[in-house]
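These notes concern the structure reproduced below.
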Amino acid sequence: IISPDGFFRIYYDTTGVDAPDSDDLDVNQIPDYIDKVAIASDSSRRVLVEIMEFHPVPDLDEAPYPIYIDNRTSGNYGVNTSGGWIEIDNDYSSGFYTLGLQAMQVTIAHEFFHAVQRKYRELEIENRYFYEFSSTWIEDIIYPDGDDYLHWLEGPDRLWTDPEIAFKDTDGYSVALYGHYLN
């Protein structure tokens, strides 16, 4: 489907392991989960492009940005590829810190911000911590009730358990709170 604002094309299966729940309470012949993915995508773009004034992704003359729905492995929220698309889970029902629609929303915000970052320059492995910290921070700016980023504060290579660690030596997710400090 195409999102309501026309900036995203969401690809999903209707049967099989990758298919989202088929509930369609508004009887528009599109699973409710897919409708909500489209709304979350448009909302994330609106905040980043129209309010925060980042470069638009996609540009008005570009095709809608693709989002693929599949059954991802436990803990693998999603990915933004250098090929120019996003992949997210089909339900976030288990194996994630945050579950259900909240997990989907923060993942869309996070992965779409990577698309925006790529508009400025391709992501560089040596600066991965920066891209992840800022994308994890933006999750909470766009969806303030999500708070998924709080689950990444502790553990090995984390600033909160090793305050002497250099930011560049973290995974980036664990220092997202620093984005709030800067903000």
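The values are calculated or read from the model by the stated rules, or taken from the named source; none is laboratory data. None of the values given here were measured: they were computed from a predicted structure. Positions of Cβ are generated from backbone atoms using ideal geometry, with glycine treated the same way; all protein chains shown enter the neighbour counts. Side chains are part of the model used for accessible areas, which takes the heavy atoms of the whole protein and leaves out ligands, DNA and RNA. Shrake-Rupley method; radii C 1.70, N 1.55, O 1.52, S 1.80 Å.
Some notes on this structure:
- Around PHE96: net Lys/Arg minus Asp/Glu count, Cβ-Cβ under 12 Å: -2
- Take the Kirkwood radius over Cα pairs of the chain, plug it into Stokes-Einstein at 20 °C and 1.002 mPa s, and you get 127 µm²/s for translational diffusion.
- Max mean-square fluctuation residue, GNM over the chain, Cα-Cα springs under 10 Å, options VAL49, VAL79, VAL106: VAL49
- Principal axis dimensions, segment 90-183 - Cα atoms, whole angstrom, descending: 36, 32, 24
- FRET E, pair LYS119, LEU153, Förster distance 35 Å, beta-carbon r, rounded to 0.05: 0.75
- Sorting the segments 167-179, 112-124 by their mean number of nearby beta carbons within 10 angstrom, highest to lowest, gives 167-179, 112-124.
- Accessible surface of the chain, 1.4 Å probe, proportion on carbon and sulfur as whole %: 52 percent
- Surface analysis of the chain yields an accessible area of 52 Å² per residue, using protein heavy atoms and a 1.4 Å probe.
- Neighbourhood net charge (14 Å Cβ-Cβ; Lys/Arg +1, Asp/Glu -1) for PHE54: +2
- Nearest 10 degrees, 0 to 90: helix 32-45 Cα axis against the chain principal axis: 50 degrees
- Charge context of TYR11, other residues only, Cβ under 12 angstrom, K/R +1, D/E -1: -3
- Counting only alpha carbon atoms, the long axis of helix 100-120 and the longest principal axis of the chain meet at about 70°.
- Percentage relative contact order, the chain, counting C-alpha pairs under 8 Å, at least six apart: 17 percent
- Restricting segment 1-99 to GluC sites (Glu not before Pro) in coil, as DSSP defines it, with at most 15 other Cβ within 10 Å: GLU53, GLU62
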